[in-house]
Amino acid sequence: MPDLISESSPTTFAIGGRSDAQLQKAAHDAGLALSVEELRRIAQRLGRDPTIVEIYAFDAQWSEHCSYKSSRMYLRRLPTDGPTVMQGPQEDAGILHLGTWRGERYGIVIAHESHNHPSQVVPFEGAATGIGGIVRDVLCMGATVIAVADPLRFGDLSVEHSRYVAQSVVDGIAAYGNAIGVPNIAGDVYFDAAFNENALVNVVALGLVKEGEIIHSRAPEGSAGWDIVLIGKATDRSGFGGASFSSLALDADDRDANKGAVQVPDPFLKNVIMRATYRVFDLLRSEGIEAGFKDLGAGGIVGCTAELVASGGYGAIIDLDRAPTAQWNLPAAVIAIGETQERLCWILPPSVTPRVLAIYNEEFGLPMISRGARAAVIGTVTDGNEYILQWEGRELMRVPLDFFTGGVRYERAAAQPVLSAEEEAPRNLEIADVVELVLGHHDVCSRQPIFSRYDGVVRGTTAIPPGYADAGIIVPIPGAPLGCALAVDGNPRYGKLDPRRAAELAVCEAVRNVVAVGATPAGLTDCLNFGNPEKPEHFAQFVAAVDGLAHAGRELGTPYVSGNVSLYNESATGNAIPPSPIIACVGTIADISKTATCALKREGSPLYLVGRPQNALGGSVLAAILGIDGVLPSIDYASLRAQIALMLKAYDANIILAAHDVSDGGIVTALAEMAFAARSSAPLGIELEPASRWAPGIGTAGAYFGEAGAFIVEVENESRFNELTLRNGASAWRIGKTIRDAALIVANKRYSLERLHNAWSATLLDFYED
């Protein structure tokens, strides 16, 4: 913790009278991420040197993590409106229309975040608090939390520290999600040495809310004089400077110091807080009381309360002495800005405050769960534009809210992104030479050793858990046929070649994944993980990816309702991660009976390929094995829209028995996985017709292992399926049939499914071995 906040430190941070070099050094010594220009701007607007609390508050609020100062202007390019949108990206989570049941319109609340830096430095705690934070974002919309997901990017597992990070991240996610009783229903994992120094831990959470019961993270109209109520864990020393830490490149020399910026999770306390909060929801709704509600994340008490009141057009007076603390001698800056986990904040009319306090403190006994935990009134909403913070009879902070929460904006320089040179890829190869290598590749192989750590069925609402299909499905409303599908996607191998195309392909794959289980795509979230925005070549990658996301979203009619930007994913040595746009797609299901897993169902069923292979092998697993780059697959949006229409019509007609998206590893991999999924019930194999019949003009490499997106479908009524294909203008090719033989027969060669399964399942079996 910086010496600047010790008891003997000065009360103000001197800006006036210092040279740029002196100011830069003072900021570095104090652990501030603010630039010299930003520091001078603060002093100029305040008309004085800021207090120590003020400078750390600005450091958090104006960080890239909180203010999106480099990215916000570009994020406006994303489509955010549409008939499925209940609430777009205005608050901590977005809301998509799920459906109507018994006269009530229900929404799916979705939030998407990153906890990359904390998870690299303190992996277990970093990943666990990532889950904790994303759950709070959804809870604060008035929703019941119903599911989580975890897209992960790890380094080379042969590197000891990378393996430790990967193991600890998975354990942290499992420990937190399992303890709060929320199922983990989706995720994906990629391994690449480029993530050795910067692992990516993205997290997604879903919630369920009735349209008329949404709660907003702002002070309600007419709330001047209302109480500001802090809920949860007593503030401790963990998490101070977390927002700024997440907005700087990681330096191994600062590893020990950075550990203090990572919060300490307490999922058991969170479980109680969630249940108590649901009880408060019931109270407020029964009496028609409007309130404001927000989680404490980056910037702690100051960041949360300032944003709450500013969003409603109000000010605040906060009495820091009334905030529960875990020890008596915490510095004021730590109490004000520290990011201790498991905390929330209400804005309530004084008439209801005592009953809300009683729910948390007495009915659910927060003080008995964790030392110092409780609900406490810490301030008052005021008219005007001032944020005032008091402590021990002194005024520690008085700032104009529009200036404090408005942040700064930068127009970063963006060079043209450098695309990898195209390299001639082989058109033809022998399947036997590569099929086991592809299936055993770390980006294709079974993830069962990872997702088996998570509880995917707790709460009893999971219809399709992880490992059974391209998307997880939950049925969140008791007695209703409505279902919600969730998929997450983003291939870093693609990002290395072309960040814009990679972003588009991530959207297309996420959409295909929810369609593959029978869901209609409703909307998207994005987590944009990139390097240092101050480097024009890195920022160009970010801009290109945003443009790709915007184009794909408009072409497919899928709006973005929430998201996150994670920049500075770069080590102090200059090694940046591959451009990594990660997409989550929510799909809605009107009738849960009209869905399917990817497991083959019957002997003699025809298998169809919906879509068409390409000779492009760029970014594919096969290209990685062969050591080539190649070109990325092209995207025909009109064709994809027709494919989606066909799939959904076929599901509605109840003629799809099984379906699987073609992605990593290509068609042979997708077919093998469909057969693997059926092993425990009725072992079935596949006889594939010659590629010349369903992929004319395409070499065997592209036909069997190319990753141009498509669907493989096991069909029950072939004539009806062909009729729907013609009616929807889609291209679908019969590629084979299911057989009662534990084999994959390709080009008249028989491949034992047992042997292929062994190759596919062996790679991560030792994931937890040292």
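So what's the gap between the Cα centers of segment 523-545 and segment 287-309, to the nearest angstrom?
Value for the Cα centre distance between the two parts: 29 Å.
Between rounded, prolate and oblate, where does segment 597-770 land on the alpha carbon gyration tensor, with a ≥ b ≥ c its root eigenvalues, rounded for a/c under 1.5, else prolate if a/b exceeds b/c?
It comes out oblate by the Cα gyration axes.
Report, by chain and number, residues whose modeled amide H sits under 5 Å from the one on N529, excluding near sequence neighbours (fewer than 5 apart, same chain).
Amide H neighbours of N529, under 5 Å, 5+ apart: S566, S580, I582.
Just order 163-174, 701-712 by mean Cβ neighbour count inside 10 Å, highest at the front, would you?
701-712, 163-174
Which order do E221, E113, E104 fall in if you start with the one that has the fewest other Cβ atoms within 10 Å?
E221, E104, E113
For a quick protection proxy, order the peptides 326-339, 560-573 by their average other-Cβ count within 10 Å, most packed first.
Peptide ranking by packing, descending: 560-573, 326-339.
R279 to V457: extension gain in nm, 0.36 nm per residue of separation minus the Cα-Cα distance?
Separation in residues times 0.36 nm, less the Cα-Cα distance, equals 61.7 nm.
From the residues P183, Y651, G472, which one has its Cα farthest along the dipole of the chain in the positive direction, the dipole being from +1 and -1 charges on Cβ of Lys/Arg and Asp/Glu about the Cα centre?
Among P183, Y651, G472, the one farthest towards the positive end of the dipole of the chain is Y651.
Put +1 on the Cβ of every Lys and Arg and -1 on every Asp and Glu Cβ in the chain; which of Q341, G225, Y608 then has its Cα farthest towards the positive end of the dipole?
The one lying farthest along the dipole's positive direction is Y608.
What full-extension length gain, to one decimal in nm, is calculated for A572 and D402 as 0.36 nm per residue of separation minus the Cα-Cα distance?
Gain on stretching A572 to D402: 57.8 nm.
Between (i) 39; (ii) 20; (iii) 33, which entry matches percent of Cα pairs over 47 Å apart as derived from the coordinates of this structure?
The value matching this structure is (ii).
Using a Förster distance of 25 Å, how high is the FRET efficiency between H28 and R48, based on the Cβ-Cβ distance and rounded to 0.05?
With a Förster radius of 25 Å, E is 0.65.
Points 7 angstrom from Cα along the Cβ direction at A432 and L726: gap in nanometres?
4.2 nm
I want to check the label-to-label distance for A224 and E603. Put each point 7 Å from Cα in the C-beta direction and report it in nm to one decimal.
Distance between label points: 8.0 nm.
Assign unit charges at the C-beta atoms only (+1 for Lys and Arg, -1 for Asp and Glu), then state the dipole size of segment 597-770 relative to its Cα centre in Debye, rounded to the nearest 20.
700 debye
Once the dipole of segment 408-558 is set up with Lys and Arg at +1 and Asp and Glu at -1 on Cβ about the Cα centre, which of C484, G531, I450 lies farthest towards its positive end?
It is C484.
Only Lys, Arg, Asp and Glu count, each charged at its Cβ (+1, +1, -1, -1), so figure out the dipole size of the chain about its Cα centre, rounded to 20 debye.
That gives the chain a dipole magnitude of about 1500 debye.
Taking the beta-carbon count within 10 Å as an exposure proxy, list H441, H551 from fewest neighbours to most.
Arranged by neighbour count, lowest to highest, H441, H551 become H551, H441.
Among D227, D443, which comes first, second and so on when ranked by fewest other beta-carbon atoms within 10 Å?
D443, D227
Between D156 and Y768, what is 0.36 nm times their sequence separation minus the Cα-Cα distance? Round to one decimal in nm.
Stretched out fully, the D156 to Y768 stretch lengthens by 218.9 nm.
For the chain, what is the calculated [θ] at 222 nm in deg cm²/dmol (nearest 500), taking -39500 (n - 2.57) for each run of four or more DSSP H residues and dividing by its residue count?
Mean residue ellipticity at 222 nm (helix-derived): -10000 deg cm²/dmol.
Suppose every K and R has +1 on its Cβ and every D and E has -1 on its Cβ; what is the size of the dipole of segment 418-569 about the Cα centre, in Debye to the nearest 20?
In debye, rounded to 20, segment 418-569 gives about 580.
Which distance in nm do the two modelled labels at D81 and R322 give, with both placed 7 Å along the Cα-to-Cβ direction?
Here the answer is 4.2 nm between the modelled labels.
Values in this text are rule-based calculations from the coordinates and carry no lab data. On a predicted model such as this, the values are computed, not experimentally measured, just so you know. For neighbour counting, all protein chains shown are included, and Cβ atoms are generated from backbone atoms with ideal geometry for every residue, glycine included.
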